[in-house]
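The values are calculated or read from the model by the stated rules, or taken from the named source; none is laboratory data. Because the structure is a prediction, the values reported are computed rather than measured. Positions of Cβ are backbone-derived with ideal geometry, glycine not excepted, and every protein chain shown enters the neighbour counts. Surface accessibility is based on the protein's heavy atoms, side chains included, excluding ligands, DNA and RNA. Shrake-Rupley method; radii C 1.70, N 1.55, O 1.52, S 1.80 Å.
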Amino acid sequence: MNVHFGVTLPQIKRSWEDTRAAALEFERLGYDSVWLNDHLYGIPAPGIPILEAWTTLSAVGAVTSRVRLGTLVSPVGFRPPALFAKAWATLDTITGGRVIAGFGAGWYDAEFRGYGLPFPSVRERLEQLEEALALSKLLWTQERTNFAGKHFRLESTFCEPKPVQKPHPPLLVGGGGERVLLRIAARHADIWNNLAVTQDQLGKKVESLRRHCEQVGRDFSTLTVSQQCLVVLGETEKEAAANAEKAQRIYGGHMGGQGELAISGTPDVCIEKIRRHLELGCRMFVIEFFGKDTRVPARLFAERVMPAFRN
């Protein structure tokens with residue numbers, strides 16, 4: 001079984017040169033995809049420097065040739081959704097069909113307020129997310145699109161050129177809300193991504209997603225389950241334990257680094273942890289490697305872990 005391994009690019013308090021070098025190295029190492037977070041403020045503090053995702057992703061697409069490209073995830077409220085769909089289509093064209101379109105509802109109200117963007121209720125943001133997914137698919141597949149939703153309206157809208165990928169780029173929906181968001185994913189997503197903070201709830205979330213698929217008449221096997229995760233790696237047990245302790249001090253539980261499914265330890269231990277995810281239905285990982293220079297653990301993972309999951 002081939003498992004998809006994606007990796008996040010350095011973006012916070014890093015230069016473009018750092019991001020570029022990492023993207024080229026991750027592609028060389030055989031990773032399937034590279035990812036940026038789509039935040040306007042650095043997490044956890046607004047004043048932390050962060051490269052804007054879409055400008056940077058376009059530049060990454062220009063310097064790479066094989067690896068797939070995505071955002072984890074882009075809040076619908078940051079950009080008019082039809083314009084956003086146009087941007088995805090253009091990037092897919094420029095890169096020869098390499099994008100994975102990551103969508104989310106947004107959650108960090110400070111960056112919305114700081115940039116003068118509306119930040120409606122959770123219910124409204126989820127409604128906007130579903131409308132954005134629906135109209136994006138129309139724009140990518142129809143010659144001319146008319147759409148009349150509660151929040152967005154299109155009148156005889158053209159989106160040309162169309163994306164290279166047919167019928168459209170894979171749609172990834174990120175989030176963990178079991179009542180509404182997972183139902184939206186069941187209706188519209190090609191990939192659902194579980195948040196790092198709910199990594200230990202993966203099995204429960206997958207079962208909820210499966211039920212939603214049944215309710216909307218979707219074949220669950222047509223939807224890929226992805227897990228955002230922190231990977232803390234060490235060549236020896238001692239090194240792995242020391243790195244895990246450092247990661248816990250820095251991240252706490254925010255990146256899911258301490259639970260039963262946490263991918264942390266020596267390469268052999270990490271292989272077993274990944275196999276536990278596969279048993280729960282996960283087939284894709286979006287990894288943030290722990291380390292000052294993430295290329296170092298990424299090399300060890302590529303050499304000692306990934307071969308166990310390549311046909």
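Name the shape class, rounded, prolate or oblate, that the alpha-carbon gyration tensor gives for region 76-150, where a ≥ b ≥ c are the square roots of its eigenvalues, rounded holds for a/c under 1.5, and otherwise prolate holds if a/b is larger than b/c and oblate otherwise. All intermediate terms of the calculation are to be shown ahead of the outcome.
Working: a/c = 2.42, a/b = 1.49, b/c = 1.62.
Oblate is the answer for region 76-150, as a/c is 1.5 or above yet b/c matches or exceeds a/b.
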In units of 2.2 N^0.38 Å, the Cα radius of gyration of the chain is 0.97
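Which order, highest average first, do 107-115, 55-63 follow once you tally other Cβ atoms within 10 Å for each residue and take the mean per peptide? Let's see the in-between values first.
Working: 107-115: 13.8, 55-63: 17.2.
With the highest mean Cβ count within 10 Å placed first, the list reads 55-63, 107-115.
Quick one: how many lysine pairs does the chain have with C-alpha atoms less than 14 Å apart and a gap of 8 or more or different chains? Give me the count, please.
Details: Lys13/Lys292; Lys86/Lys137; Lys86/Lys162; Lys137/Lys162; Lys137/Lys166; Lys238/Lys246; Lys246/Lys292.
For the chain, the number of qualifying lysine pairs is 7.
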What does the extension gain come out to for Val63 and Gln248, with contour length at 0.36 nm per residue minus their alpha carbon separation? 63.2 nm
About the Cα centre, and with charges only on the beta carbon of Lys, Arg (+1) and Asp, Glu (-1), how big is the dipole of region 161-272? Nearest 20 debye, please. 780
Selection from Ile287, Leu233, Thr266 lying farthest towards where the dipole of region 216-287 points positive, charges on Cβ: Ile287
Run the quick spin-label model on Thr236 and Lys150: label points 7 Å from Cα toward the beta carbon, then report their separation in nm to one decimal. 5.9
Please report, to one decimal in angstroms, the Kirkwood hydrodynamic radius of region 155-231 built from all distinct Cα-Cα pairs. 13.5
Go through region 269-284 residue by residue and turn each phi into a ³J(HN,Hα) via Karplus (6.51, -1.76, 1.60, θ = phi - 60°); whole Hz please, and just put x for glycine and proline. 5, 4, 4, 5, 5, 5, 4, 5, 5, 4, 4, 8, x, 7, 10, 8
Sparse-neighbour loop sites [GluC sites (Glu not before Pro); region 162-248; at most 14 other C-beta within 10 Å; DSSP]: Glu235
Fraction of accessible area attributable to carbon and sulfur, the chain (%, probe 1.4 Å): 53
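Give the accessible surface of the chain per residue, rounded to a whole number of Å², with probe radius 1.4 Å and ligands, DNA and RNA excluded. Walk me through the numbers before you get to the answer.
Details: 13670 Å² over 311 residues.
Ligands and nucleic acids excluded, the result is 44 Å² per residue.
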Mean-square fluctuation maximum in Gaussian network of the chain, Cα pairs under 10 Å, restricted to Asn193, Asn243, Asn37, hits Asn243
